Amino acid sequence: MIGKLRGLLDELNVQEGYAIIDVGGVGYIVRVSQSASETLQQKPAKTPVELFIHTHVRESQMELYGFLQENGVALHQMLLKVQGVGSRIALAIADLAPMDQLMQAIEHGDAAFFTAAPGVGKRLAVRLVSELKDATLASPITIDATGAKPSLVQDATSALSNLGFSARDAGMAVGKAFASNPQASLEDLITAALKDLPQS
């Protein structure tokens, strides 16, 4: 099993959702989320990158799923415990919002929150929050995929949601803004995130 890859970003296909990481001359194809793709897209070609890996083995097929933070793997593995959630649906769920909001939605039983993810219908959303609620409370995951101060990211996302943007779009934009400037203030995060959000 592969737990982590450190190498050069050889290729990134945002549309298909994968990156090729060159590790000592061997190119590993790694499936990544949309938000991770957008972060990697900002890096120059052949730049060193590090991805934490979930190795998914099914019959004779092996796929690698990569995350920018180690707790992304923990969340992915937790989601896979739910019947009907495969690796690609788990990636789509992770793209909905920063990790702290995902965890809060599970803890509060907010099934409707998860129906915004492609492939997640009402029944699967209900099953997801009901099966993971207890596991969430005992989970060692540190809530926040970006490593940001949870309150800062949450406040910025909430402020943008109050302006009419979807939680998914707002969360992704705030996460991207924080990744670019970890020392940003709340006002700076909101301003930077607004530049990536669709304007009406």
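The values are calculated or read from the model by the stated rules, or taken from the named source; none is laboratory data. Keep in mind the model is a prediction, meaning the values are calculated, not measured. We place every Cβ from the backbone using ideal geometry, glycine too, and count neighbours over all the protein chains shown. Note: areas computed on protein heavy atoms with side chains; ligands, DNA, RNA excluded. Shrake-Rupley method; radii C 1.70, N 1.55, O 1.52, S 1.80 Å.
In the stretch 1-69, what trypsin sites (Lys or Arg not before Pro) fall in a loop by DSSP, with at most 12 other Cβ atoms inside 10 Å?
Those that pass, being in a loop and sparsely packed, are K46.
Express in Å², to the nearest 10, the accessible area of S185 obtained by rolling a 1.4 Å probe over the protein heavy atoms while all chains stay in place.
Near enough 40 Å² of accessible area.
When the convex hull of the C-alpha atoms of the chain is computed, what volume per residue in Å³ does it have?
Roughly 128 Å³ of hull volume per residue.
Let me test this: with uniform point scatterers at the alpha carbons of the stretch 1-116, what is the Debye-based log₁₀ I(q)/I(0) at q = 0.09, 0.19 1/Å?
Debye curve over Cα of the stretch 1-116, log10 I(q)/I(0) at q = 0.09, 0.19 Å⁻¹: -0.24, -1.00.
Considering only T157, T47, T55, give the residue with the highest GNM mean-square fluctuation for the chain, with springs between Cα atoms whenever their separation is below 10 Å.
With Cα springs under 10 Å in the chain, the top fluctuation among T157, T47, T55 is at T47.
Relative contact order of the chain: what whole-number percent is it, with Cα pairs under 8 angstrom and at least 6 residues apart?
Dividing the mean separation by the residue count of the chain yields 15 percent.
Among A167, A184, A125, determine the one that fluctuates most according to a GNM of the chain built with springs between C-alpha atoms less than 10 Å apart.
Per the Cα network of the chain with a 10 Å cutoff, A184 tops the list.
Of the cross-linked pairs K81/K133; K4/K46; K133/K195; K4/K122; K46/K195, which ones have a Cα-Cα span greater than 24 Å in the structure shown?
Flagged as over cut-off: K133/K195; K4/K122; K46/K195.
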